[in-house]
Amino acid sequence: MKTSDFDFDLPPELIAQFPTQERSQSRLLHLNGVSGALADGRFCDLTQLLKPGDLLVFNDTRVIKARLFGVKDSGGKLEVLIERVLDEHHALAQIRASHAPKLDSGLLLAGVIAATVEERQGELYRLHFAGETPLLELLEQYGSLPLPPYITHAPEALDESRYQTVYARQPGAVAAPTAGLHFDPAMLESLEKMGVKIAYVTLHVGAGTFQPVRVENIAEHHMHSEWYTVPQRTVDLIRQARTAGGRVMAVGTTSLRALESAAASGELEAGSSETNIFIFPGYRFRVVERLLTNFHLPKSTLLMLVSAFGGMENIRCAYRHAVEQRYRFFSYGDAMLIERKE
């Protein structure tokens, strides 16, 4: 299977640069993976597509202010994007500079944060942050929100709230689980009142989620690794929903990847681990029947994932339809509800 099989033409003006005025004002494209039928709607229509006993699984990760600017010991300017916080004083990070920093060299970030380059791990650097203040506190005070590369404006006050789900509580992501951005407290309350159950997983989204696949044979692609946890309560709720005839819906590809990773043995199990699961057509899904997601980048692993879930030709048709109907794409864009193909 070739990466070019997952390419499509997207007019640049369809890339959403700002969120809708209200979270639930987005549009919703509904794809039946079995029949291939498409239906245009509004995100607020989602309540009509759910029934009592259905279960929604959300990713409760919280986006951290992972971008820092500073200088090397030599005086050269650089940009640091924290990829993963390892502990209170260490992190893995991407570093953009005219010349790669040397090992054991010092960095001064945001004019006040001292860090040392300890080692290189592939494209990432392991950094040590000096002082007693925990790294997450330093980032919250001095860092900036790491908006996706296709959003062209600098982070604004609006982004501080809207590039974050209303239920975000576990800090560690450098990109938002964007399918969840459409939910507001009123919709969550409505869902619970109608008998729809809600569960959570955590997957700290890495910056690699925006990277295109650079090999033509997708089997040669190596996924970035991310940390996830699936609580026992979520496992129990999924089993209960299935027993009662309810449908399980992953809110976002990150929720789906966490659940599928936790079911790699064939049985869904609670726990925490690293995952570099790569889902593309031919994959056999074990946990969910429905997927709520946004529209994804051409040639991306996420487009491959939704093609596996909804069927390649179905997704091609759905994306052509979305472009023709002027849906808004990517993180701040519209949503898509996909019923699994089989």
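Can you tell me which residue within the stretch 241-298, out of those that are of a type in the set (Val, Ile, Thr) and without any contact (Cβ under 8 Å) to a residue 60 or more places away in the chain, is nearest to Val230 (Cα to Cα)?
The residue in question is Val287.
Which residues, taken from the stretch 217-263, are surrounded by 18 or more Cβ atoms within 10 Å (Cβ to Cβ) and on the phi > 0 side of the Ramachandran plot?
Gly252
Take the conditions among the aromatic types (Phe, Trp, Tyr), surrounded by fewer than 21 Cβ atoms within 10 Å (Cβ to Cβ), in the same structural domain as Gln48 (by TED's automatic domain parsing) and over 29 Å from Gln121 (Cα atoms) and apply them to Phe278. Does it pass?
no
Report those strands (runs of 3 or more DSSP E) wholly inside the stretch 51-164 carrying at least 1 residues which are under 20 Å from the mean Cα position of the chain (by Cα) and under 18 Å from Trp227 (Cβ atoms).
55-59, 61-63, 77-87, 90-97, 124-129
Collect the residues in the stretch 184-221 that are part of a strand (DSSP E or B) and within 11 Å of Thr47 (Cβ to Cβ), keeping them in residue-number order.
none
Look through the stretch 281-302, keep the residues that are surrounded by fewer than 22 Cβ atoms within 10 Å (Cβ to Cβ) and of a type in the set (Ser, Thr, Tyr), and return whichever of them is nearest to the chain's Cα centre (by Cα).
That would be Ser300.
Given (1) free of Cβ contacts under 8 Å to residues at least 24 places away in the same chain; (2) within 30 Å of Leu14 (Cβ to Cβ), identify the lone condition not met by Arg320.
(1)
Name the one entry in Ser273, Ser331 that is farther than 28 Å from Ser26 by Cβ and modelled with pLDDT of 95 or more.
Ser273
Cβ-Cβ below 7 Å, separation at least six or inter-chain, first residue in the stretch 152-171 and closer than 25 Å to Leu203 by Cβ and touching a residue at least 12 places away in the same chain (Cβ under 8 Å), second outside any helix (DSSP H, G or I) and among the polar types (S, T, N, Q): which pairs?
Matching pairs, first to second residue: Ala168/Thr61; Gln170/Thr61; Gln170/Thr202.
Any residue in the stretch 54-64 that is out of contact with any Phe, Trp or Tyr (no Cβ under 6 Å at 6 or more places or on another chain), exposed (fewer than 15 other Cβ atoms within 10 Å of the Cβ) and under 30 Å from Arg233 (Cα atoms)?
No, the stretch 54-64 contains no residue that is out of contact with any Phe, Trp or Tyr (no Cβ under 6 Å at 6 or more places or on another chain), exposed (fewer than 15 other Cβ atoms within 10 Å of the Cβ) and under 30 Å from Arg233 (Cα atoms).
Would you check if Asp9 is outside any loop (DSSP other than H, G, I, E, B) and either acidic (Asp, Glu) or surrounded by fewer than 16 Cβ atoms within 10 Å (Cβ to Cβ) (or both)?
Judged against the criteria, Asp9 is not a match.
In this structure, does Ser255 turn out to be under 16 Å from Leu56 (Cβ atoms), outside any loop (DSSP other than H, G, I, E, B) and among the small types (Gly, Ala, Ser)?
yes
The values are calculated or read from the model by the stated rules, or taken from the named source; none is laboratory data. Everything numeric in this text was worked out from a predicted model, so none of it was measured. Positions of Cβ are backbone-derived with ideal geometry, glycine not excepted, and every protein chain shown enters the neighbour counts.
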